[in-house]
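All remarks here apply to the structure that follows.
The values are calculated or read from the model by the stated rules, or taken from the named source; none is laboratory data. In this text the structure is predicted, and so the values were computed from the model without any measurement. Ideal geometry is used to build each Cβ from the backbone, glycine not excepted, and the neighbour counts take in all protein chains shown. Surface accessibility is based on the protein's heavy atoms, side chains included, excluding ligands, DNA and RNA. Shrake-Rupley method; radii C 1.70, N 1.55, O 1.52, S 1.80 Å.
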Amino acid sequence: MSRLLLLHASPLGSEARGSTIAYQACNAWQSQNPRASIVERDLNKLALEPLQRGYVEAIVDGSPHHHDDFTLSEELIQELEACSRLVIATPMHNFTVPSSLKLWIDYVLRHGRTFTYQSGRKVGSLQDKPTTVIVTSGGMVTGAAASQPDHLTQYLRDVFGTMGISNVRFVYLEGMARLDVAMDMLEAGRRALATDPLFAGSV
Ligand SMILES: Cc1cc2nc3c(=O)[nH]c(=O)nc-3n(C[C@H](O)[C@H](O)[C@H](O)COP(=O)(O)O)c2cc1C
């Protein structure tokens, strides 16, 4: 089974620039691997509700999980478990992930389901899988040219690491607010994805 889960986190959905090159890379991979499948989730269309009281109380006090949000949480976790590769196209919003991706994380990063405690430490319950995150930002976020804090990269590493997914790589399309830079970034992003290990080899 080779199933790729593609998450679109931009309010622009699959038309966002990060999503566009993610889509091209995923489609190229699938045409090389006709038996593989791609499942897409537009997190803005999914329009997750902020966590509700019953769900939070059940998580905090460990009471039986009757709240409707558990059904949705379970659906999203199973979708994550069922994929062998994960691609996320996300913009940076206010130095971190957009709220749609934060909510998805709140639904899938769940004690007793995607992580447990061992000797007082959180230990992931999911199988590791190649994960590539394409990050678009108006300004620069990496290296000496960075013009702002980056609370996205390490945050996502921690989130996925807590669930057991440590094989995570990042492709940055930064400085996208400038049209001349954006064109070069998109081209560099396409090249980076063309050689990304997630898409390597046949399945
Ligand atoms: C609400 C909001 C917050 C943003 N915050 C940042 C930010 O903190 N840093 C940054 O470099 N760009 C920021 N941007 C710009 C976006 O990251 C940029 O437009 C990006 O290219 C959008 O990518 P997309 O086309 O894939 O959606 C923000 C944009 C919006 C709408």
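Some observations on this one:
- Some residue of the range 147-160 being more than 15 Å from the ligand (Cβ to nearest atom) and small (Gly, Ala, Ser): no
- Residues considered: ASP196, ASP158, ASP184. Of these, the only one that is among the acidic types (Asp, Glu) and under 19 Å from GLY143 (Cα atoms) is ASP184.
- Residue among HIS111, HIS67 that alone is surrounded by fewer than 17 Cβ atoms within 10 Å (Cβ to Cβ) and away from the ligand (no atom under 16 Å from the Cβ): HIS111
- Tally, over the range 1-58, of residues that are part of a loop (DSSP other than H, G, I, E, B) and over 17 Å from the mean Cα position of the chain (by Cα): 10
- Flag for LEU43 being over 17 Å from PHE115 (Cβ atoms), among the hydrophobic types (A, V, I, L, M, F, W, C), surrounded by 15 or more Cβ atoms within 10 Å (Cβ to Cβ) and in contact with an Asp or Glu (Cβ under 9 Å, 6 or more places away or on another chain): no
- Some residue of the range 99-107 being open to solvent by 40 Å² or more (accessible area, probe 1.4 Å), more than 11 Å from the ligand (Cβ to nearest atom) and either part of a loop (DSSP other than H, G, I, E, B) or within 26 Å of ALA47 (Cα to Cα) (or both): yes
- Condition check for VAL135: within 11 Å of the ligand (Cβ to nearest atom) and either out of contact with any strand residue (DSSP E or B) (no Cβ under 9 Å at 6 or more places or on another chain) or of a type in the set (Lys, Arg) (or both): no
- Among all positions in the range 81-88, there is at least one residue which is part of a helix (DSSP H, G or I) and touching a residue at least 24 places away in the same chain (Cβ under 8 Å).
- Any hit, the range 183-200, residues being of a type in the set (A, V, I, L, M, F, W, C), within 12 Å of the ligand (Cβ to nearest atom), under 21 Å from the mean Cα position of the chain (by Cα) and surrounded by 14 or more Cβ atoms within 10 Å (Cβ to Cβ): yes
- For ARG17, the criteria (1) under 18 Å from TYR107 (Cβ atoms); (2) open to solvent by 30 Å² or more (accessible area, probe 1.4 Å) hold in every case but one, which is (1).
- Filtered residues of the range 53-74 (kept if in contact with a helix residue (DSSP H, G or I) (Cβ under 8 Å, 6 or more places away or on another chain), modelled with pLDDT of 90 or more and not hydroxyl-bearing (Ser, Thr, Tyr)): LEU72
- Screening the range 146-177 for residues that are without any contact (Cβ under 8 Å) to a residue 12 or more places away in the chain and more than 27 Å from HIS111 (Cα to Cα) and picking the one that is surrounded by the fewest Cβ atoms within 10 Å (Cβ to Cβ) gives SER147.
- Index of the failed condition, PHE95 passing every other in (1) within 16 Å of the ligand (Cβ to nearest atom); (2) surrounded by 15 or more Cβ atoms within 10 Å (Cβ to Cβ); (3) not hydroxyl-bearing (Ser, Thr, Tyr): (2)
- The range 114-137: number of residues that are open to solvent by 40 Å² or more (accessible area, probe 1.4 Å), within 16 Å of the chain's Cα centre (by Cα) and not acidic (Asp, Glu): 1
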